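Take a look at the structure set out below.
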Amino acid sequence: MTIFLILAPFGSFALLMLVTSAKIGLFVAAAICLAVIGIDVYRGRSIKLLGAGSAVMFTALGTYVALVDPKLSHSAVKLIVDIGVLAISLISLIIRKPFILQYALEEVDAETAKQPGFLKAVYLITWAWNAAFVLMIIGNMLTIYVSGLPLWSSLVIAFAARNSAAYFTAWYPQYRKAKYGTPPANALPGTH
């Protein structure tokens, strides 16, 4: 359910960009971001950096498209969104609070969060998402700069990149658990 809520604004945005204007796609995505934030607040969870940053990004870009450049191409809008999401992720790494950490802390118990490999796993998963964002940027750039390339090609790249990152996000913690097991209570930090 969590991954669905995280990806809902982006999936809705991508779908709406196929059937309606960029302005509508951006404002609906911003509204969905705000709804997800509302769900988190209602459940007593933290407001996520990715959700709040994405809400600001979708709103700002939607306002720009509505008031300044309504003819901005769909490919350019998708490229800007992907660059924005990558920027949010990189900023989260620069401030040493990877955006994945907020989600991870809500999914695991306190003992798991204290394990030596926990933060390493969070950083690795965040970098996997950064790789997916870069692939999505490349897909959008290809549709802008390679004439005759069908629009669906960037959607295929984005779908494959997002699904790969989502799969890795689910797989890697299970892999670490199977490989290292649960350390004994008296294990020294850094031994795993």
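The values are calculated or read from the model by the stated rules, or taken from the named source; none is laboratory data. Since we're looking at a predicted model, the values are computed, not measured. Because the Cβ atoms are built from the backbone with ideal geometry, glycine has one as well, and the counts that use them run over all protein chains shown. To get the accessible areas, we keep the full protein, side chains included, count just its heavy atoms, and leave off ligands, DNA and RNA. Shrake-Rupley method; radii C 1.70, N 1.55, O 1.52, S 1.80 Å.
Remarks
- Whole-number D in µm²/s for the range 15-92 (Stokes-Einstein; Kirkwood sum over Cα pairs; 10 °C, 1.306 mPa s): 123 µm²/s
- The chain, Cα convex hull volume normalised per residue, Å³: 123 Å³
- Checking the Cα-Cα distances for Lys48/Lys114; Lys48/Lys71; Lys48/Lys78; Lys48/Lys120; Lys114/Lys179; Lys97/Lys177 against a 26 Å cut-off, the pairs over it are Lys48/Lys71.
- Most mobile of Leu61, Leu151, Leu50 in a GNM of the chain (Cα contacts under 10 Å): Leu151
- Dividing the summed helix terms, -39500 (n - 2.57) for each DSSP H run of n ≥ 4, by the number of residues in the chain produces a 222 nm estimate of -27000 deg cm²/dmol to the nearest 500.
- Packing-based ranking, highest mean first, of 76-86, 112-122 given that Cβ atoms within 10 Å are counted: 76-86, 112-122
- Residue-count net charge about Leu72 - beta-carbon cut-off 15 Å; Lys, Arg +1, Asp, Glu -1: +1
- Share of pairwise Cα-Cα distances greater than 16 Å in the range 58-109 is 55 percent (whole percent).
- Quarter of Cα convex hull surface for the range 105-176, i.e. mean projection, nm²: 5.2 nm²
- For the chain, the per residue solvent-accessible surface stands at 56 Å², with DNA, RNA and ligands left out and a 1.4 Å probe.
- Among Tyr175, Tyr103, Tyr123: highest mean-square fluctuation, GNM of the chain, C-alpha pairs under 10 Å: Tyr175
- Distance histogram for the range 12-52 (every C-alpha pair counted, 10 angstrom bins, percent rounded to whole numbers): 31, 41, 23, 4
- Listed residues Ile125, Ile47, Ile94, most fluctuating in the chain (Gaussian network, C-alpha, under 10 Å): Ile94
- Structural descriptor for the chain: relative contact order 17 percent, calculated from alpha carbon pairs under 8 angstrom and at least 6 residues apart.
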